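Right, one structure below, let's go through it.
The values are calculated or read from the model by the stated rules, or taken from the named source; none is laboratory data. Since the model is a prediction, treat every value here as computed from it, not as a measurement. Every residue, glycine as well, gets a Cβ built from its backbone with ideal geometry; the counts of neighbours run over all protein chains shown.
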Amino acid sequence: MDNWRPATLEKVNETVASDPCLTQGRSILRFVVLALLFLIIWGGVIFLILFANRPYGIQVSSMVIYTAAVALYTFSRNRNNMQPFLLSCPVVHRQIPLLIRRHVGFLAALFIVQTIALKLRPNLPARLITPSRSDASLFAIILSGLCGSLAIVQVLSNRSLLQRAHLSAQAKAA
């Protein structure tokens with residue numbers, strides 16, 4: 001009954017050894033890129049505050065924040081020791097055009113949702129658009145929730161796509 005364990009463990013070790021996303025050590029360049037994405041998110045928040053009253057200011061600044069957040073959470077090792085995906089990995093590199101096309105579609109959806117919501121805002125009841133004390137308005141919370149949900153869907157689908165691509169490449173190599 002224990003005969004399958006060493007062979008399975010050996011295959012797992014071979015798979016890990018052949019996957020550049022799992023075998024590459026720490027990289028200062030990767031750290032700098034991920035830190036830059038994190039700073040872009042916070043810079044986008046400042047941009048959002050400064051340009052919220054300009055035409056399309058909310059949409060453009062949220063697209064910057066959204067893009068940086070999706071890139072950060074797609075390629076980094078987030079929580080529970082998830083697999084990082086490296087841009088230098090050949091498997092990931094082959095998926096970049098598809099990821100970009102998908103991202104453009106998600107950005108279009110984000111822009112449309114925000115534009116429609118902002119066009120409807122003047123017609124909404126005052127209790128939805130008026131902030132209470134130090135809290136944001138219910139409208140802002142709902143719109144942020146929609147944008148956040150869209151980002152989570154994209155990150156999870158991106159990570160799933162990259163994971164499937166890795167598994168396919170490993171199956172072909174075996």
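When we screen S134, S144, S160 for residues that are among the hydroxyl-bearing types (S, T, Y) and either modelled with pLDDT of 95 or more or assigned to a loop (DSSP other than H, G, I, E, B) (or both), the only hit is S134. The residue that is nearest to P90 (Cα to Cα), counting only those in the stretch 115-124 that are free of Cβ contacts under 8 Å to residues at least 60 places away in the same chain and in a helix (DSSP H, G or I), is T115. Every listed requirement among (1) crowded, with 16+ Cβ neighbours inside 10 Å; (2) at pLDDT below 85; (3) in a helix (DSSP H, G or I) is met by R127 save one, (1).
In the stretch 61-100, what residues are free of Cβ contacts under 8 Å to residues at least 12 places away in the same chain and either of a type in the set (A, V, I, L, M, F, W, C) or not in a loop (DSSP other than H, G, I, E, B) (or both)? Hits for the stretch 61-100 are H93, I96, P97, I100. Within the stretch 34-50, can one find any residue that is out of contact with any helix residue (DSSP H, G or I) (no Cβ under 7 Å at 6 or more places or on another chain) and closer than 19 Å to S88 by Cβ? Yes, some residue in the stretch 34-50 is out of contact with any helix residue (DSSP H, G or I) (no Cβ under 7 Å at 6 or more places or on another chain) and closer than 19 Å to S88 by Cβ. Is there a residue being more than 18 Å from the chain's Cα centre (by Cα), crowded, with 16+ Cβ neighbours inside 10 Å and among the hydroxyl-bearing types (S, T, Y) anywhere in the stretch 55-72? For the stretch 55-72, residues more than 18 Å from the chain's Cα centre (by Cα), crowded, with 16+ Cβ neighbours inside 10 Å and among the hydroxyl-bearing types (S, T, Y): absent.
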